[in-house]
1. On average, how much accessible surface per residue is there in region 85-125, in Å², for a 1.4 Å probe, leaving out ligands, DNA and RNA?
2. Please give me, ordered by residue number, the trypsin sites (Lys or Arg not before Pro) of region 23-87 that lie in loop per DSSP and have at most 15 other Cβ atoms within 10 Å.
3. Report, ordered by chain and residue number, the lysines lying within cross-link reach of LYS98, taken as a straight Cα distance under 18 Å and ignoring same-chain residues fewer than 8 apart.
4. Tell me which of ASN84, ASN69, TYR58 sits at the most positive position along the dipole axis of region 46-91, charges placed on C-beta atoms (Lys, Arg +1; Asp, Glu -1).
5. Quote the FRET efficiency, to the nearest 0.05, computed for ASN61 versus SER21 with a Förster distance R0 of 35 Å and r equal to the Cβ-Cβ distance.
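The values are calculated or read from the model by the stated rules, or taken from the named source; none is laboratory data. All figures in this text were calculated on a predicted structure; none of them were measured in a lab. Using ideal geometry, Cβ is built from the backbone for each residue, glycine included, and neighbour counts are taken over all protein chains shown. Heads up: the accessible areas ignore ligands, DNA and RNA and are worked out on the full protein's heavy atoms, side chains in. Shrake-Rupley method; radii C 1.70, N 1.55, O 1.52, S 1.80 Å.
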Amino acid sequence: MGFRQLRLLLLLLSVAVAFVSATDHIVGGHLGWNPNINYTLWANNQTFYVNDLISFRYQKNMYNVFEVNKTGYDNCTMDGLAGNWSSGKDFIPLDQAKTYYFICGNGFCFSGMKVSVTVVHPLNASSAAPPNASTHGAAGSAAPGLRPWPSNAAALLVAAAASMVIGSGVGI
């Protein structure tokens, strides 16, 4: 492989890694997971992609997080319970394109401790993002806004680079 082709391959790989990294959305940003915060406003200023994380930061022995269905979210009940966390620093993978519903199960849901987030696949992101949402690096996110790219972008770039090397007749 020639030096020029090797440089191109390394450039493509480094770009792919940067573009497919997940974002950790810290619920409430610097305010964390606490009563009397408008989490709907916070969520509307985020764009959530498949394989991102949502993290809840809160006082461990006072609050918790439950994933419920829409009925549980609307009524502050445990309907459709799908998960629960209580570490005070919970990282939850958003691994499907769907709407997730989270509430605090200690009665604080009635004080606003609930949030719903709609997760989109990066390929469908332009049509699903809220009109006022910033690109991926909104306030309360830990990573810069570099996406969307399909989750298999790195593999596609490697395949393209390998095709160039093989197509040029240069042996490795």
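1. Per residue, region 85-125 has an accessible area of 46 Å².
2. Here the sparse-neighbourhood loop sites are LYS60.
3. LYS70, LYS114
4. Farthest along the dipole direction, towards plus: TYR58.
5. 0.60
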